[in-house]
Amino acid sequence: MNKVISLVGARPQFIKEAVIASEVYKANAWNHVLVHSGQHYDANMSDLFFQELQIPTPRYFLGIGSSSHGKQTAAVLDKFEDILLKERPDMILVYGDTNTTVAGALAAAKLKIPVAHIEAGIRQKPKDMPEEINRVVTDHMSSLLFCCSELSSQNLKQENITKGVFISGDIMYDLFLRMKPHFLKEKMLHDFNLQEGKYTLITLHRDFNVDNKENLVSILEGLKGFTEETKLSVIFPMHPRTRNRIEEFNLTKYLTFMNIIPPVGYLELMGLLEGCTNVITDSGGLQKEAYFAEKQAAVIMPDTGWREIIESGWNQLVPANKAEELLPCILENKSIIYPENLYGDGKAAKVIIENIMSYLNK
Ligand code: UD1
Ligand code: UDP
């Protein structure tokens with residue numbers, strides 16, 4: 001039987017692995033070895049997802065933790081290479097655009113082990129943002145590239161990557177549809193004293209928004225103005241990076257007008273999403289999940305890889321230095337017709353698994 005190592009390390013990768021692991025198991029597709037880099041490690045950034053989504057316990061935990069980009073990437077590269085040498089897989093599987101992704105792909109490529117990249121072909125300006133570097137490098141080292149949409153495959157074509165490219169649709173949509181009956185809306189409304197349709201869901205963690213004091217102040221001012229004018233309540237499960245910066249920059253006074261809670265599990269976040277009026281986020285995942293849930297999102301970014309939702313008018317980009325425009329943006333796009341099927345039909349895992357099997361059995 002073929003052996004495939006799947007490498008995860010950060011929250012967005014755990015949720016995608018939940019779908020792949022269970023579908024691989026159902027199809028008895030290959031011997032699936034799960035490795036966790038440890039990029040995210042707090043219980044509510046890691047273990048919680050494994051428990052809630054019944055993701056198998058990783059066979060290896062690299063425990064790399066937090067550090068600078070170079071050190072974090074190097075630590076995964078170093079430790080993951082040892083696993084590859086020991087396990088000798090036929091292929092490795094990486095997700096998205098984190099430091100774990102690029103390090104895993106590089107370790108495998110140097111050992112001539114083929115790489116499959118899920119969520120390939122996403123491109124976003126500026127070119128020097130850490131995730132963009134990770135995506136471009138990973139795509140160029142991959143043998144199989146699974147795209148969420150036609151646009152991603154076009155992006156790859158522009159970089160002369162045409163071989164091994166498949167439009168699978170978005171694995172996050174598979175997960176969303178599968179778990180929808182279990183979303184914890186009622187529990188979250190009750191626990192946080194929220195009224196359905198009368199609150200905004202916020203998440204924020206991008207380095208360009210939260211590590212830069214000027215941008216962070218601009219966003220917090222924008223959110224304050226937004227809540228004062230709309231009288232909507234706000235629930236904000238806060239990433240530890242954002243919490244750390246707010247404390248470091250002495251901005252805790254801004255926390256009083258919002259309901260700040262620690263990061264929550266997937267079913268809890270999707271419950272909050274189902275009950276909210278609208279979303280304000282810089283999360284790649286949540287801007288799509290908002291779309292899946294038919295909620296509109298103001299995306300606090302100068303650009304996004306999820307262009308289809310912006311071009312349809314459903315979500316809107318609001319860069320940090322224009323955060324005072326949050327309210328007009330949200331009011332303006334209320335009349336947009338819901339754009340259907342931007343990211344496939346919720347059967348991405350099937351396409352991914354079939355194509356990996358056919359590649360390995362050639
Ligand atoms: C990383 C990814 C980003 C992704 C995000 C998902 C890179 C370059 N960035 O960003 O693309 O959108 O994950 O959430 O890979 N921290 C904790 N506990 C944890 C994890 C992090 O306290 O369990 C704190 C640490 O202070 C750490 C900071 O958060 O320095 C940032 O964590 P890191 O994984 O480096 O980047 P993210 O912002 O999470
Ligand atoms: N998420 C969650 N709880 C939270 C925040 C996020 O369950 O408190 C989930 C959600 O499904 C989201 C995914 O984790 O799409 C990844 O989120 P994050 O914003 O950290 O990363 P990104 O998608 O921007 O890389």
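The values are calculated or read from the model by the stated rules, or taken from the named source; none is laboratory data. Here the structure is a predicted model, which is why all the values come from computation and not from measurement. Note that each Cβ is placed from the backbone with ideal geometry, even for glycine, and that neighbours are counted across all protein chains shown. What goes into the accessible areas is simple: the full protein's heavy atoms, side chains included, and nothing from ligands, DNA or RNA. Shrake-Rupley method; radii C 1.70, N 1.55, O 1.52, S 1.80 Å.
Tabulated data
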| quantity | calculated |
| --- | --- |
| Dipole in debye (nearest 20) - the chain, about Cα centre, beta carbon charges: Lys, Arg +1; Asp, Glu -1 | 760 |
| Among 169-179, 155-165, 35-45, the order from most to least packed when residues are scored by Cβ within 10 Å on average | 169-179, 35-45, 155-165 |
| Solvent exposure, largest accessible area first (probe 1.4 Å, DNA, RNA and ligands not counted), of K16, K253 | K253, K16 |
| Gain on full stretching of the segment that runs from E340 to E196 - 0.36 nm per residue minus C-alpha separation | 49.4 nm |
| Taking the chain and dividing mean pair separation by its residue count, relative contact order in percent (alpha carbons under 8 Å, at least six apart) | 16 |
| Computed FRET value (nearest 0.05) for Q154 with D78, which takes r as the C-beta separation and R₀ as 30 Å | 0.25 |
| Test item: Cα-centred dipole of the range 210-362, Lys/Arg +1 and Asp/Glu -1 on Cβ, debye | 320 |
| Amide N proximity, the range 282-313 versus R241 label position 7 Å along Cα-to-Cβ, cut-off under 17 Å | 282-288, 299-306 |
| Top positive-direction residue, dipole computed over the range 35-185 with Cβ charges, set V76, Y60, V136 | V136 |
| Cα shape, the range 164-273, gyration tensor, a/c 1.5 rule | oblate |
| Computed helical MRE - 222 nm, the chain, DSSP H runs ≥ 4 contributing -39500 (n - 2.57), nearest 500 | -13500 deg cm²/dmol |
| Mean accessible surface per residue for the chain, computed with a 1.4 Å probe while every protein chain stays in place, in Å² | 43 |
| Long-range HN-HN contacts of V234 with modeled amide H, under 5 Å | T200, N259 |
| Tensor-based shape of the range 118-158 (alpha-carbon gyration tensor, a/c under 1.5 rounded, otherwise prolate or oblate) | oblate |
| Shape of the range 1-155, Cα gyration tensor, a/c cut at 1.5 | rounded |
| Under 11 Å, Cβ to Cβ, from S283 - net charge with Lys/Arg +1 and Asp/Glu -1 | +1 |
| Positive-end extreme of charge dipole, the chain - chosen from H32, L201, H239 (charges on Cβ) | H32 |
| DSSP H segments from the chain that extend 24 Å or more along their own axis, Cα-based, with Kyte-Doolittle mean of -1.0 or above | 11-27, 69-87, 213-230 |
| Straight-distance crosslink candidates among lysines, where the alpha carbon sits under 23 Å from K127 and sequence neighbours closer than 8 are dropped | K71, K157, K213, K288, K322 |
| Rg to Rh, two decimals, where the range 247-362 supplies the alpha carbon set and Rh follows Kirkwood | 1.07 |
| Net charge of neighbours whose Cβ lies under 13 Å from the Cβ of L48, counting Lys and Arg as +1 and Asp and Glu as -1 | -3 |
| Gain in span if fully extended, Q51 to K253, counting 0.36 nm per residue against the direct Cα distance | 69.2 nm |
| Estimated FRET transfer efficiency (S68, D42; beta-carbon r; R0 22 Å; 0.05) | 0.70 |
| Convex hull volume of the chain per residue (C-alpha atoms, cubic angstrom) | 124 |
